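So the structure is just underneath, and the comments pick up after that.
The values are calculated or read from the model by the stated rules, or taken from the named source; none is laboratory data. Note that the structure is predicted; figures quoted are calculated from it, not measured. FYI the Cβ positions are ideal-geometry reconstructions off the backbone, even for glycines, and counts take in every protein chain you see. Quick note on the areas: whole protein, heavy atoms, side chains included, nothing else; ligands and nucleic acids left out. Shrake-Rupley method; radii C 1.70, N 1.55, O 1.52, S 1.80 Å.
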Amino acid sequence: MSARPHLLDSIERLFTHPLFAPLITFGCGSLAALSMAPLNAWPVLFVSIPALYMAVFYTASGKGAFLRGWLFGFGYFLFSLSWVGNALLVEGSPYQWAWPLAVSGLPALLAFFPAFAVLLSKKFLNLRSVPGWLGFISFYCAFEWLRGHIFTGFPWNLPGYTWADLPVVFQVLRLSDVYMLTWLTLLWASVPACFLLFNTRQKAACTAVGGFSFIVCFAFGFWQLQGVPTYHEDLVIKLVQPNIAQAEKWRGDQMFGHFRKTLALSENTEGQNKTTLIIWPETALSYRIFNAPGAAEELRSVLRSYPPSSALLTGMLRFDAARGAYYNSLVMIGDNAELFNIYDKHHLVPFGEYIPFQQWIPLAPVVQFKGFETGAGLKTMEAPSGVKYSPLICYEIVFPGRSMEQGAAPDFIVNVTNDAWYGKSAGPYQHLTQALYRAVETGTPVIRAANTGFSAIISPYGRIEGKTELFKADSPTLELPQAKPIPDMLQRLKYRLIPAFFMLFIFAGAFSTRRFANAD
């Protein structure tokens, strides 16, 4: 007698057991969290995703599928996003009491996306068929796409980000985006479930689909990486990472000291004779410091030590006195200490930079919260040296398809951030991964400047050309890779066609299931 029926019987008993099945599903979701940065342990998905598929297959009801999808998602987000709560533990924070809510509340909400995906898969698909398998993957990805778009969007830790250490795999982003790579990742990872549940012909079909798509993806990536990067000959970038502790950043008696520390790191100690763009991180400068006596002269002194057309690009806490409004901005400062190219962050972080429905929440901490105003949107700007750039502040780098103004391709994307909020955790590593993927998706180098975290220059191939380390003040001078432009038509189409691709497979799977049922 074959051992396979005994194995399937054991698996079925596990996934139909009222206690073990939920625990296994939660455990596999937790295991899947290891696939994200900093570990990027992609092999765990080849265990956790098949387990989720079988957990949904063996449950008897839509309600059971929904619960198992939620438990899987809760485990995944609980452990892959545990760093979010660190922002509340900064010394002196009045919101430390909310840490348990932040650590568990966000994962509990995000878990509803996989829960609804597997519920609909259970109701509308035959999960013991190839179309049902493809439909399941597409349902999951469609809800990942929704997670990245509704309620302002939170596309963090999509399964496709697991390949951050393998640029040969994620070069496919030039033709697609991280949602499509997520679809491919789930396709490849779920093949073991097909071997356990499907007949011989179906196994062959799944192996062919999974194997062929991986080979094509790998071959395309290998071909792309044969390209030799080129660099701007007469321009260099100076990344300034001051490494200022979050608990000390906004203390009034220390702010001018922070400014001078950042200035000192920006000095032309190397005798640089090329035009230089100095990049400071998010809110490295405030309107109070900029307008303080002597500050403009100190800025002029540093900037004039560099060749003409050099400039400072810095994050700035900006105040518009006419409107009485604060902005989280990215501004350029020329060698006469004048402000220009003012960009105001337009995709604000809910509950961090503004509170949704604030006027209807009658709680003192909410009513008294003074958040930022929203900027006008994406804009390509030009530096004095003639290079064009797309400014993004912190969280704005995480959104595929929203990195640059349409029809105005820049020479680079600049992303300023402050990852000091999250301490020594997975957060800064995951944030860097997002920047890697945006570089390849857009074919545009990304310059990333962090207060602390990882300041880096990333080539359009997703290679890190140079970077700093966590909790280390540094100011490396690096060459700027040239962009590898993607045709504007492809840029527009790929972000619009991918959701349609998911829906196509969902409808095909549902139609196949209906036909199968009618045949019975």
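What the table below lists for this structure:
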{"item": "Tilt relative to the chain, helix 99-110 - C-alpha long axis, 0 to 90 degrees, to 10", "result": "50"}
{"item": "Nearest 10 degrees, 0 to 90: helix 255-266 Cα axis against the chain principal axis", "result": "90"}
{"item": "Extended-chain gain in nm, criterion 0.36 nm per residue less alpha-carbon gap, Leu39 and Glu267", "result": "78.5 nm"}
{"item": "Sequence of Leu109, Leu166 from largest to smallest accessible area, 1.4 Å probe", "result": "Leu109, Leu166"}
{"item": "Paired Rg and Dmax values of region 24-96, which use every Cα atom, in angstrom", "result": "15.2, 50"}
{"item": "Share, in percent, of DSSP beta bridges within the chain that are antiparallel, nearest 5", "result": "55"}
{"item": "Area accessible to solvent at Cys141, 1.4 Å probe radius, in Å²", "result": "0"}
{"item": "Rounded Å value of the spacing that divides the Cα centres of region 123-186 and region 196-252", "result": "14"}
{"item": "Stretch gain in nm, segment Arg304-Ala408, where the contour uses 0.36 nm per residue and the Cα spacing is subtracted", "result": "34.4 nm"}
{"item": "Gyration tensor (alpha-carbon) shape descriptor, region 106-241, a/c threshold 1.5", "result": "oblate"}
{"item": "Cα centroid separation - region 441-503 against region 1-55, whole Å", "result": "34"}
{"item": "Cα convex hull volume per residue for the chain (Å³)", "result": "160"}
{"item": "Angle in degrees between helix 20-32 and the longest Cα principal axis of the chain, rounded to the nearest 10", "result": "30"}
{"item": "DSSP-assigned coil residues among GluC sites (Glu not before Pro) in region 415-520, each with at most 13 further Cβ atoms within 10 Å", "result": "Glu469"}
{"item": "Segment Asn291-Lys274, length gained on full extension (0.36 nm per residue, minus Cα span)", "result": "3.2 nm"}
{"item": "Leading residue at positive end of dipole, the chain (Cβ point charges), from Tyr306, Ser329, Ser129", "result": "Ser129"}
{"item": "Total charge dipole magnitude, region 445-520, about the Cα centre, Cβ charges on Lys, Arg, Asp, Glu only, Debye to nearest 20", "result": "320"}
{"item": "About the Cα centre, charge dipole magnitude for the chain (Lys/Arg +1, Asp/Glu -1 at Cβ), debye", "result": "1660"}
{"item": "Accessible area (Å², 1.4 Å probe, nearest 10) - Thr275", "result": "20"}
{"item": "Asp165/Ala376 FRET efficiency (R0 30 Å; Cβ-Cβ; nearest 0.05)", "result": "0.20"}
{"item": "Unit charges on C-beta of K, R, D, E only; dipole of region 114-245, Debye", "result": "720"}
{"item": "Expected 222 nm ellipticity per residue - DSSP helices of 4 or more, -39500 (n - 2.57), all of the chain, to 500", "result": "-14500 deg cm²/dmol"}
{"item": "Karplus (6.51, -1.76, 1.60) ³J(HN,Hα), θ = phi - 60°, over region 307-318, in Hz, Gly and Pro reported as x", "result": "x, x, 6, 6, 7, 10, 10, 9, x, 8, 7, 10"}
{"item": "With 5 Å bins from 0: P(r) over region 102-154, alpha-carbon pairs, percent", "result": "5, 20, 24, 21, 13, 10, 5, 2"}
{"item": "Cysteines without a disulfide-compatible partner [the chain; Cβ-Cβ under 4.7 Å]", "result": "Cys28, Cys141, Cys217, Cys394"}
{"item": "Shape of region 135-197, Cα gyration tensor, a/c cut at 1.5", "result": "oblate"}
{"item": "Per-residue SASA entry for Arg496, accessible area with 1.4 Å probe, Å² rounded to 10", "result": "150"}
{"item": "Largest-first ordering by accessible area, 1.4 Å probe, given options Ile342, Ile49", "result": "Ile342, Ile49"}
{"item": "Accessible-area ranking of Lys274, Lys424, largest first, probe 1.4 Å", "result": "Lys424, Lys274"}
{"item": "Per-selection Rg to Rh, region 396-520 - Cα, Kirkwood hydrodynamic radius", "result": "1.18"}
{"item": "Subset of Lys467/Lys494; Lys274/Lys467; Lys238/Lys424; Lys249/Lys379 violating a 26 Å alpha-carbon distance limit", "result": "Lys467/Lys494; Lys249/Lys379"}
